[in-house]
Amino acid sequence: MNTAAVTLADSSSAALDVALNPTGGSSLIFTEIAPASPPSKSGNQYYYGGYFRITNASDTVVALANKIWFDAYGGYIRSPIVPNGCSYFEALERGPGGIWTRYVYRFPPDATPLQPGASALLATDAIDHRSFGGAGFCDLSRADFEFVFGDDIDNPLSLNMISIGPREYEFAHGWQVRGGRQGWGLAIAVGMDTLPKIVRLPFDASQSTWVRIPKAALLEVVRYDWAIPHFDPLVVDCPSPILSDIDAEDAKLLTIEDTLTIHRRISRTLPNGRIVYQRARNSQADWIAGKATPGLIP
């Protein structure tokens, strides 16, 4: 959090205008994210129970229609096998113009606006996942939005996110939890055809196109990494690909098979019961681990 000190002269005629910039800056924020993949009853990791809680942190109604959710480039590694791993993706890292991504989704045009303090739930699959496992498996059947892909199950009670990115996810279900460093963002509507593009990178075997969400369009960015070291001590993370004034530090809170989720810290509660969330643009400072609370379990 940025602070400053100023000394005022002892004079009755002196005046000083001070701009107070509160923590935050966006009315639309993530307040809970389920980024892990706990083991199912079969013992395999379960990738389809992920979700995001999106909250209107302002005092006015906020429209969701046509706003953007995107999966940010999370960074790469350097190891004896890929000693040049950081330079391979250098074009995607720490650019002042914004954040690079391959996966971009738009909220549908009929999305219901969020009232002040209200939240919406965005799930990988809007189904009851509890039959697949124990702790960490939630009933998301009443999620407001879900990702779909191919012959994926489509819950008619949940609105479908619209894929507008240059690439679809490799597997069914649309977006799903994936290992390693992750990053997610929210942005205002942007014209995809107008965005800067990189068609291919040296180490990108998929040869897919990347686009850059402009910094001016960003509403929210969260970065996340597993709270465990690499199994091989010779493997190290490359520097963060995101400038520190966008987000200063990864939140390292869970393991890959954790049954907990990450929650944005509460800064304070107003006398009327309204929650004010912390947003210091530092994911490590802003997020804590806690029990999954999607708000949909009876």
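The values are calculated or read from the model by the stated rules, or taken from the named source; none is laboratory data. All of these numbers come straight from a predicted model, not from anything done at the bench. Ideal geometry is used to build each Cβ from the backbone, glycine not excepted, and the neighbour counts take in all protein chains shown. For accessibility, only protein heavy atoms count, side chains too; no ligands or nucleic acids. Shrake-Rupley method; radii C 1.70, N 1.55, O 1.52, S 1.80 Å.
Observations, loosely collected:
- Some residue of region 162-171 being in a strand (DSSP E or B) and over 15 Å from the mean Cα position of the chain (by Cα): yes
- Reported count of residues in region 59-85, each being surrounded by 18 or more Cβ atoms within 10 Å (Cβ to Cβ), among the small types (Gly, Ala, Ser) and not in a strand (DSSP E or B), is 3.
- Across region 259-282, the qualifying residues are those that are β-branched (Val, Ile, Thr) and either open to solvent by 40 Å² or more (accessible area, probe 1.4 Å) or assigned to a loop (DSSP other than H, G, I, E, B) (or both), and the one among them that is farthest from residue 49 (Cα to Cα) is 269.
- Leading residue by the ranking (least open to solvent (accessible area, probe 1.4 Å)) among those in region 193-240 that are over 21 Å from residue 64 (Cα atoms) and β-branched (Val, Ile, Thr): 211
- Within region 38-58, the residues that satisfy the criterion of being among the hydroxyl-bearing types (Ser, Thr, Tyr) and open to solvent by less than 50 Å² (accessible area, probe 1.4 Å) are 40, 46, 51, 55, 58.
Rundown of residues vs (1) of a type outside the set (D, E, K, R); (2) in contact with a Ser or Thr (Cβ under 6 Å, 6 or more places away or on another chain), yes/no style:
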position	(1), (2)
144	no, no
164	yes, no
211	yes, no
235	yes, yes
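To keep it simple, each residue is scored yes or no on (1) open to solvent by 20 Å² or more (accessible area, probe 1.4 Å); (2) more than 20 Å from residue 33 (Cβ to Cβ); (3) part of a loop (DSSP other than H, G, I, E, B); (4) of a type in the set (Gly, Ala, Ser).
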position	(1), (2), (3), (4)
101	no, no, no, no
109	yes, yes, yes, no
120	no, no, no, yes
131	yes, yes, no, yes
142	yes, no, yes, no
177	no, no, yes, no
180	yes, no, yes, yes
185	no, no, no, yes
